[in-house]
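The values are calculated or read from the model by the stated rules, or taken from the named source; none is laboratory data. Source: prediction; values computed, not measured. Backbone-built Cβ (ideal geometry, glycine too); neighbour counts: all protein chains shown. Note: accessible area is taken over every heavy atom of the protein model, side chains too, but ligands, DNA and RNA are not part of it. Shrake-Rupley method; radii C 1.70, N 1.55, O 1.52, S 1.80 Å.
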Amino acid sequence: MKIPDCHVGRHVYHFSHIDNLPGILKYGFLATNNPNFPSGHRSIAAASIQERRAQMAVTCGPGGNVHDYVPLYFGSCSPMLLRVLHTKNVDQCEILYFEFPISLVLRKDAIFTDAAANADKPPAFYSDPGELEKLDWTAIDSLKWGNPGGVEYKRRRMAELLIHRIVPISAASRCVVWNKSMKLRVEQIVGDSPFVPIDFESAERRHYYTNLELKDNSTLVKGPKQIAGEYREACQYVQEFISSDEVAANPGFANIKELLKGLRNDFGCLPHTQELVGLKSENGIHKHSVDKHTKDVARVLLELPEYELLPDRSKVIVEIAAYLHDIGKGPRARWASNGGVQKIDPNHPVGAMPMVAEIMTEHVESVRLEDAKSILKLVCYHDLVGDVLGRDRDERQIVDVVDNRGELDMLFAIGKADATSLVEKWWNQSEASALYVRSLAQI
């Protein structure tokens, strides 16, 4: 029982949220079923996957089920992290990567799989290190974001090393962090506790997903803290403008009611919306140009019972937000290198924040601060309810975002209009109603 020579010197990886670091310092890395597993542990995995792992039997080694083991990946660039980022449940900068020598596989309580243990069909389980040759190392070593072999290739990339019950923190060779700021946070949490070297990722062993469009090493997908920060920044900009008694040079619209009339009559009446006219999308779900989709959302909104129940002023605010919800997909010049076709951009809602702030201050002569904030919020979070219902986004974000029932009602209305204008079955009304009741009870 030895590691094949070609794999000696490799590493295995475990990533976790920085909020879990105090528990890791106290107990080490624990299996979910370990009695000492912290009750306040912040899981970043999808609940459906966790349910499958809890029931999946391990067919060799100490036996039990997958939740009796500490999971590590053989690959440094995990598709699971990419999936986690797209749920917008975490800020990538707060993810810590722990690297371990592959010699962990020599432990008597170690087993490994040839694919991720996250589907209804279990992977193959092994306990002999010599059988590492059976893994798809080409897939495991891939640093590309795509998966040319589809779902099965993606699962093979996420082959796992599973250690029964516990792995001490001393077994790690280093802790990889996003940047210097995160290194400082880790150091502050660790204090005088025994720990491992804190380092940054290398070109050979990449862990994080950065924004290739901007090429500025920013995160591929902005998480809840970043989104909230950019929303607050936009609100602050509008507030300072209104407080300064400045007046827009050529506003175009006297107030938000006039702005709504303008958008109804001519969607391209603002520079920001004009940029979307005729703009095609790479997203296969969007069968029409961005402007056509936007007008569909506004049309569907007006037909919803949720809209009819809103007060008149809220109707104005949510309809304006419907017209502006996709302006973050512009300007058109962003996509010149892609033949003028808009790429899928998970950050477009928050990317719209400076644009909406500009509209509220430069294109509308008079606007109430609370109305501007509501429009900003609905544009920034228009996809939140739909993502909670269909993409494992944490529903607690809804309560964090809305300040009152009126905002909750508008958020559900615009979320339903956006989802159903694309694929009607995406909106499960019974689940949405239950979510609304839960959210309302916590406001």
If you place +1 on the Cβ of every Lys and Arg and -1 on the Cβ of every Asp and Glu, how big does the dipole about the Cα centre of the chain come out, in debye to the nearest 20?
-> 1020
So what's the net charge close to residue 205: Lys and Arg +1, Asp and Glu -1, counting the other residues with Cβ under 14 Å from its Cβ?
-> -2
Kindly provide the helix-only [θ] at 222 nm of the chain, computed as the sum of -39,500 (n - 2.57) over DSSP H runs of four or more divided by all residues, to the nearest 500 deg cm²/dmol?
-> -11500 deg cm²/dmol
Considering the dipole of the chain built from charges on the beta carbon (Lys and Arg +1, Asp and Glu -1) around the Cα centre, which of 354, 110, 277 is farthest to its positive end?
-> 110
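In what order, largest first, do 358, 303 sit by accessible area if the probe radius is 1.4 Å?
Details: 358 70, 303 120 Å².
From most exposed to least exposed: 303, 358.
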Note the listed values (1) 32; (2) 41; (3) 35, then indicate which one is percent of Cα pairs over 34 Å apart calculated from this particular structure.
-> (2)
Cα-centred dipole magnitude for the stretch 77-194, charges only on beta-carbon of K, R (+1) and D, E (-1), debye, nearest 20 = 300
If amide H atoms are modeled at 1.01 Å from N in the peptide plane, then the residues at a separation of 5 or more from residue 69, or on another chain, having amide H under 5 Å from its own are 32, 33, 165
Let me see the pair-distance distribution of the stretch 197-293: every alpha carbon pair, 10 Å bin width, integer percents in order.
-> 11, 21, 33, 22, 8, 4, 0
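Show me 312-318, 1-7 ranked by packing, highest mean number of other Cβ atoms within 10 Å first.
Working: 312-318: 18.9, 1-7: 11.3.
Packing order, densest peptide first, comes out as 312-318, 1-7.
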Anisotropy class of the stretch 314-404 from Cα gyration tensor, a/c 1.5 cut | oblate
Here the stretch 372-388 yields Karplus 3J(HN,Hα) values (6.51, -1.76, 1.60; θ = phi - 60°; whole Hz; Gly and Pro given as x) of 4, 5, 5, 5, 4, 5, 5, 5, 5, 10, 4, 9, 4, 5, x, 5, 5
Helix 224-243 versus the longest principal axis of the chain: what is the Cα-based angle in degrees, 0 to 90, to the nearest 10?
-> 30
Taking H placed 1.01 Å from N in the peptide plane, check which residues at least 5 places from residue 342 or on another chain put their amide H under 5 Å from its amide H.
-> 280, 281, 282
Which entries in the list 222/377; 261/416; 295/329 go over 19 Å, if you measure between the two C-alpha atoms of each?
-> 261/416
Between residue 198 and residues 5 or more places away or on another chain, the pairs with built amide H atoms under 5 Å apart involve 175
Taking the Cα centre of each part, how many Å lie between the stretch 27-41 and the stretch 65-88?
-> 17
The stretch 263-278 and the stretch 128-175 have their Cα centres apart by a whole-number Å value of 48
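Would you please put 100-113, 172-185, 429-442 in order of how densely packed they are, using the mean number of other Cβ atoms within 10 angstrom per residue and starting with the highest? All intermediate terms of the calculation are to be shown ahead of the outcome.
Values: 100-113: 19.0, 172-185: 17.1, 429-442: 13.1.
By packing density, highest mean first, the sequence is 100-113, 172-185, 429-442.
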Could you tell me the accessible area of residue 366 in Å² (1.4 Å probe, neighbours in place), rounded to the nearest ten?
-> 70
Put 387, 403 in order of accessible area, largest first, probe 1.4 Å, and you get 403, 387
